[in-house]
């Protein structure tokens, strides 16, 4: 990786003790490309205002914003200086994919992928978006019950209550006789995405979100 010129000769890289502290917080399976970047410069601010957090800041920002709760498997590694977070996919065997999301939108909308390579992204100056990679998400979606939840009707009642569905239990039972079935129409994507994700974790991936028909 040839980023030394970008960071400059005066940059201070992450030390071994700082690396160990980073691992104690984020785990050992961070992409090697990201660790190499921190070894070159442990924190950096670009001309466009974008900031790459130092290793100590990574722990503080992720804990404060509860990134692991809202976006499991991702790590906030910087921001654009104006409220947009830069998220890195964790996992040593994964591509060093970078995505962005507004700090206030964590848990209510999906991050936007801006690069599949953290090295290329940094060489470009850490842009918050790229025309070729911005994903557009629908404002409203339908919630579809694709299969019976793992705990049967007991789970279905919990799903009804947690999603705030007005459909009666009797109607939900009848829906289960002809799956997949739409159980909520035209609901806000950002609000229901995280709710359905957590319900799927509990009850066996029984819900999907589809664009309104």
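Looking at this structure, is residue 16 assigned by TED's automatic domain parsing to the domain that holds residue 86 and modelled with pLDDT under 85? So residue 16 does not fit the description; no.
Tell me whether the stretch 192-199 contains one or more residues that are assigned to a strand (DSSP E or B) and either in contact with a strand residue (DSSP E or B) (Cβ under 8 Å, 6 or more places away or on another chain) or at pLDDT 80 or above (or both). Steps first, answer last, please.
The initial filter retains those residues of the stretch 192-199 that are assigned to a strand (DSSP E or B), namely none.
Among the residues of the stretch 192-199, not one is assigned to a strand (DSSP E or B) and either in contact with a strand residue (DSSP E or B) (Cβ under 8 Å, 6 or more places away or on another chain) or at pLDDT 80 or above (or both), which makes the answer no.
Yes or no, residue by residue, for (1) modelled with pLDDT of 85 or more; (2) more than 29 Å from residue 210 (Cα to Cα); (3) surrounded by 19 or more Cβ atoms within 10 Å (Cβ to Cβ):
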position: 64; (1), (2), (3): yes, yes, no
position: 74; (1), (2), (3): yes, no, yes
position: 98; (1), (2), (3): yes, no, yes
position: 104; (1), (2), (3): no, no, no
position: 121; (1), (2), (3): yes, yes, yes
position: 124; (1), (2), (3): no, yes, no
position: 136; (1), (2), (3): no, no, no
position: 140; (1), (2), (3): no, no, no
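The residues on offer are 205, 161, and the sole one that is closer than 27 Å to residue 68 by Cα, within 26 Å of the chain's Cα centre (by Cα), modelled with pLDDT of 90 or more and assigned to a loop (DSSP other than H, G, I, E, B) is 205. Of the listed requirements (1) touching a helix residue (DSSP H, G or I) at 6+ places or on another chain (Cβ under 9 Å); (2) surrounded by fewer than 15 Cβ atoms within 10 Å (Cβ to Cβ); (3) under 22 Å from residue 80 (Cα atoms), residue 24 misses just one: (3).
Would you mind finding the one in 60, 71 that is within 21 Å of residue 195 (Cα to Cα) and out of contact with any helix residue (DSSP H, G or I) (no Cβ under 9 Å at 6 or more places or on another chain)? Please lay out each step first, then the result.
Numbers: 60 fails: within 21 Å of residue 195 (Cα to Cα).
Selected residue: 71, the only one of 60, 71 that is within 21 Å of residue 195 (Cα to Cα) and out of contact with any helix residue (DSSP H, G or I) (no Cβ under 9 Å at 6 or more places or on another chain).
How many residues does the stretch 102-121 contain that are farther than 12 Å from residue 88 by Cβ and either in a strand (DSSP E or B) or under 10 Å from the mean Cα position of the chain (by Cα) (or both)? Final tally of qualifying residues: 6.
The values are calculated or read from the model by the stated rules, or taken from the named source; none is laboratory data. Quick caveat: nothing in here was measured; it's all calculated off a predicted structure. Cβ atoms come from the backbone with ideal geometry, glycine included; neighbour counts cover every protein chain shown.
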